[in-house]
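Below is one structure; the comments refer to it alone.
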Amino acid sequence: MHLGFGLYQHMLNDSNYAFARQAGATHIIAHLTDYFYQGDSDGGKDQPVGTVNRGWGYAIEEEVWSVKKLRGLKEDMAKHGLTLEALENISPAFWHDVLLDGPKRDEQIAKVQQLIRNMGEAGIPILGYNFALAGVSGRIKGAFARGGAEAVGMDGISEDIEAPIPLGMAWNMIYDRNPPEGFLESISHEELLRRYRAFLTEVLPMAEEAGVVLAIHPDDPPLEKVRQQPRLGYHPNHYKELMAMEPSPNHVMELCIGTLGEMAEGDLYEAVEYFAKNHKIGYLHCRNIRYKVPYYKETFVDEGEIDMARILRLLKKHNFEGVLIPDHAPQMSCEAPWHAGMAFAMGYFKALLQQIENETNS
């Protein structure tokens, strides 16, 4: 098992690569999409929470990352002793009509296929993605973690969860600066599944050919509906069904322990064991939480309700050899809040893995 960090687009630089290696990471998950662009205003530099009408901000990356750019990214990380394990998330700017089944769907499927070809040529093995119309909505920030550290969570079913999605928005980001007035029509869960099956049918063969694994992130927050649109899943069993939809080894989970832990029903540990045993984990997001949706709160990795040692022992039991990253972490009270929170999480996971390794060898 390897430890890594997920870096947002604005963090893909030598300074953060050096920090990652110094903190003990060996791998990086790089986010394609800039979630922070708010036009003339500052979108912030941590987990976005968004607004009803503007979401996280504007989706501006319309072009597929080239092989040259991807290779350059890998090489820059390699100089610091880091391996680029995965790209995470596809900009709504170039695949919104895949999600919405809109008029540009075929053109945008071709862009996703090209991205996968480019990743294969550049030697990047995993593409993490979300297949959700609404994306992550309904988050708030507050002093939820130990010592009043700022973290994200939910505090009930808010307007951000119930409001319809404005036209021109997908996955909680604006892709059309001048949309027509109105809101996205609600669809059924069956229709969302149909769109997802069609996506897999057209994209998975290219992934197999390119040697790229497609890893789907479970819907966060895990509710039946968000912004009047269905979710692919809100119970661990829903994702077992998604995995059974296509048995290819290139169709796996981007397994988010925090999201599974937030689910109102289901056994987190049984689910982790199921996906590990069946080789259906591309890589893992690990964060801890208290409570369930719609009232969960994020915590430091060592203080929530999830038994992280039990999670790691299950992964070790089934010989998971992929990458685990601290998904996000509470912001600590210092000049580098993100870095401090992540360094704490990394140190915790390194010590825990060493303890488990010692137990195995004793």
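The values are calculated or read from the model by the stated rules, or taken from the named source; none is laboratory data. These figures come from a predicted structure and were not determined experimentally. Ideal geometry is used to build each Cβ from the backbone, glycine not excepted, and the neighbour counts take in all protein chains shown. Surface accessibility is based on the protein's heavy atoms, side chains included, excluding ligands, DNA and RNA. Shrake-Rupley method; radii C 1.70, N 1.55, O 1.52, S 1.80 Å.
Observations on the model:
- Single residue of ASP106, ASP97, ASP101 found to be open to solvent by less than 50 Å² (accessible area, probe 1.4 Å), within 27 Å of LEU200 (Cβ to Cβ) and at pLDDT 95 or above: ASP97
- Residues being in contact (Cβ under 8 Å) with a residue 12 or more places away in the chain, open to solvent by 10 Å² or more (accessible area, probe 1.4 Å) and farther than 21 Å from GLU209 by Cβ - total across segment 61-81: 8
- Residues of segment 305-321 classified as touching a residue at least 60 places away in the same chain (Cβ under 8 Å) and open to solvent by less than 20 Å² (accessible area, probe 1.4 Å), total: 2
- Some residue of segment 266-278 being over 23 Å from GLY147 (Cα atoms), in contact (Cβ under 8 Å) with a residue 40 or more places away in the chain and not in a helix (DSSP H, G or I): no
- Summed over segment 331-362, the residues that are open to solvent by 70 Å² or more (accessible area, probe 1.4 Å) and in a helix (DSSP H, G or I) give a count of 8.
- Those residues of segment 151-161 which are touching a strand residue (DSSP E or B) at 6+ places or on another chain (Cβ under 9 Å), more than 18 Å from GLU305 (Cα to Cα) and either without any contact (Cβ under 8 Å) to a residue 12 or more places away in the chain or not in a loop (DSSP other than H, G, I, E, B) (or both), in sequence order: ASP160, ILE161
- Residue within segment 326-341 that is in contact with a Leu (Cβ under 9 Å, 6 or more places away or on another chain), in contact (Cβ under 8 Å) with a residue 12 or more places away in the chain and not acidic (Asp, Glu) present: yes
- Scanning segment 268-286 for any residue that is buried (at least 19 other Cβ atoms within 10 Å of the Cβ), modelled with pLDDT of 95 or more, β-branched (Val, Ile, Thr) and more than 25 Å from MET11 (Cβ to Cβ) turns up at least one such residue.
- Odd one out for ASP97, checked against (1) in a loop (DSSP other than H, G, I, E, B); (2) closer than 21 Å to TYR37 by Cβ: (1)
- All positions within segment 109-121 that are closer than 28 Å to HIS27 by Cβ and either open to solvent by 10 Å² or more (accessible area, probe 1.4 Å) or touching a residue at least 60 places away in the same chain (Cβ under 8 Å) (or both): LYS111, VAL112, GLN113, GLN114, ILE116, ARG117, ASN118, MET119, GLY120, GLU121
- PRO247 open to solvent by less than 40 Å² (accessible area, probe 1.4 Å) and assigned to a loop (DSSP other than H, G, I, E, B): no
- Counted residues, segment 165-197 - those being open to solvent by 30 Å² or more (accessible area, probe 1.4 Å) and not in a helix (DSSP H, G or I): 15
- Selection count, segment 288-304, where residues are open to solvent by 20 Å² or more (accessible area, probe 1.4 Å) and closer than 23 Å to PRO337 by Cα: 5
- Filter result for LYS316 (among the basic types (Lys, Arg) and either under 19 Å from the mean Cα position of the chain (by Cα) or assigned to a strand (DSSP E or B) (or both)): no
- Filter result for the condition that a residue is closer than 30 Å to PRO337 by Cα and open to solvent by 20 Å² or more (accessible area, probe 1.4 Å), over GLY147, GLY138: GLY147
- Within segment 26-56, restricting attention to residues that are under 18 Å from the mean Cα position of the chain (by Cα) and modelled with pLDDT of 95 or more, the residue that is most open to solvent (accessible area, probe 1.4 Å) is HIS27.
- Yes/no for LEU200 being without any contact (Cβ under 8 Å) to a residue 60 or more places away in the chain and open to solvent by less than 40 Å² (accessible area, probe 1.4 Å): yes
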